[in-house]
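The structure under discussion appears below in the form of structure tokens.
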Amino acid sequence: MFQLDIIFELKDLEIFKSKYATIVVAKPTLVVENTGRKTSTVVWQLITPFEANLIEFDEVLGVYAAKETTRYDVVDILTKTKTPSLPNQLYTLTNNGEITINNPTESEAASYSGYAFKNNYSHEPSMTMGLYQSAIVNGSTIKNNIISANTAVFKSVMLMIPSTNLTIWTNVESLKTNEIIDIKEISAIPTVIEFDKNSSRRVCKYNAQLNTFVLVT
């Protein structure tokens with residue numbers, strides 16, 4: 001399990017709540033298409049903070065499909081797989097709106113090296129596909145929020161490579177959970193929290209002067 005502590009001084013917390021109300025948490029995901037590579041960012045969690053806050057999550061992911069959703073819209077899941085959905089497999093949205101799992105050959109699995117998606121749903125010119133994940137935020141379980149979203153035109157194939165890293169910032173723009181965003185366009189200063197097998201718990205603290213979060217450990 002990965003854990004992130006977010007700490008506030010009481011005086012800073014009161015100012016923060018009066019101005020911004022919530023913290024945004026995202027898990028940017030690499031998307032690989034035949035046109036190139038890009039990063040998908042979706043508002044995964046919104047936290048109304050206390051002096052001490054804790055986000056906990058395991059890398060247990062699911063695959064979903066939704067009607068085409070553009071930037072700064074909220075994704076509404078139409079169909080999804082059960083968790084855990086395993087990487088190195090091909091997830092196909094079929095013409096009847098279900099997601100099937102294709103067991104690839106060894107060479108195919110190596111080429112996927114992430115979550116591969118194919119859109120065979122012919123009733124719409126394009127759909128949105130991506131990954132979802134649950135978390136525990138300050139003791140409450142938040143189920144199946146979206147971590148990534150990308151347009152999948154009919155018959156297209158794409159690859160998503162998730163990361164355990166989190167990006168957090170103050171919710172200056174009043175963003176909503178499951179909203180697709182462009183992180184380059186936010187006005188707050190984002191902080192990247194990196195995890196690995198040797199660093200599964202991180203601590204950061206709010207800096208009121210800079211209106212950002214500073215990594216402590």
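The values are calculated or read from the model by the stated rules, or taken from the named source; none is laboratory data. Values in this document were obtained by computation on a predicted structure and should not be read as measured data. All Cβ positions, glycine included, derive from the backbone under ideal geometry; neighbour counts span all protein chains shown. Keep in mind that these areas ignore ligands, DNA and RNA; they rest on the heavy atoms of the full protein, side chains included. Shrake-Rupley method; radii C 1.70, N 1.55, O 1.52, S 1.80 Å.
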Task: Gained length - residue 184 relative to residue 19, 0.36 nm times residue gap less alpha-carbon distance - done: 57.3 nm
Task: Projected area averaged over orientations for the chain, convex hull of C-alpha atoms, nm² - done: 12.1
Open item on the list: If amide hydrogens are placed 1.01 Å from N in the peptide plane, which non-local residues have theirs closer than 5 Å to the one on residue 148?
Closed with: 131
- [ ] Only loop residues by DSSP count here, and only those with at most 15 other Cβ atoms within 10 Å; note down the trypsin sites (Lys or Arg not before Pro) in segment 71-103 that meet that.
- [x] 71, 82
Task: Per residue accessible area in Å² of the chain, where ligands, DNA and RNA are left out and the probe is 1.4 Å - done: 49
- [ ] Read phi for every residue in segment 53-67 and hand back ³J(HN,Hα) as whole Hz from Karplus 6.51 cos²θ - 1.76 cosθ + 1.60, θ = phi - 60°, with x for Gly and Pro.
- [x] 9, 9, 10, 10, 7, 9, 7, 10, 10, x, 10, 9, 9, 8, 4
Open item on the list: Taking 27 Å as the cut-off for C-alpha to C-alpha distance, list the pairs among 82/184; 67/197; 17/184 that go past it.
Closed with: 82/184; 67/197
- [ ] Mind putting a number on the dipole of segment 138-200 about its Cα centre? Charges go on the C-beta only, +1 for Lys and Arg and -1 for Asp and Glu, and I need it in Debye to the nearest 20.
- [x] 260
TODO: Could you list the residues of segment 193-217 with an amide nitrogen less than 19 Å from a label point located 7 Å from the Cα of residue 172 in the Cα-to-C-beta direction?
DONE: 193, 205-215
- [ ] Kindly state, to the nearest 0.05, the FRET efficiency for residue 113 paired with residue 10, given R0 = 30 Å and r defined as their beta-carbon distance.
- [x] 0.05
Task: All-pairs alpha carbon distance profile, segment 96-214, 5 Å steps from 0, percent - done: 2, 8, 13, 17, 19, 15, 11, 8, 5, 2, 0
TODO: Could you bin all the Cα-Cα distances of segment 41-163 into 5 Å bins starting at 0 and give me the percent of pairs in each, rounded to whole numbers?
DONE: 2, 11, 21, 22, 18, 12, 7, 4, 2, 1, 0
TODO: Describe numerically, in nm with one decimal, the distance between label points set 7 Å from Cα along Cα→Cβ at residue 52 and at residue 95.
DONE: 5.8
Task: Gaussian network model of the chain, Cα within-10 Å springs - most flexible of 130, 62, 97 - done: 97
Task: All-pairs Cα distance distribution in segment 56-95, expressed in whole percent, bin size 10 Å - done: 24, 45, 31, 1
Task: Degrees between helix 10-19 axis and first principal axis of the chain (Cα, 0 to 90, nearest 10) - done: 60
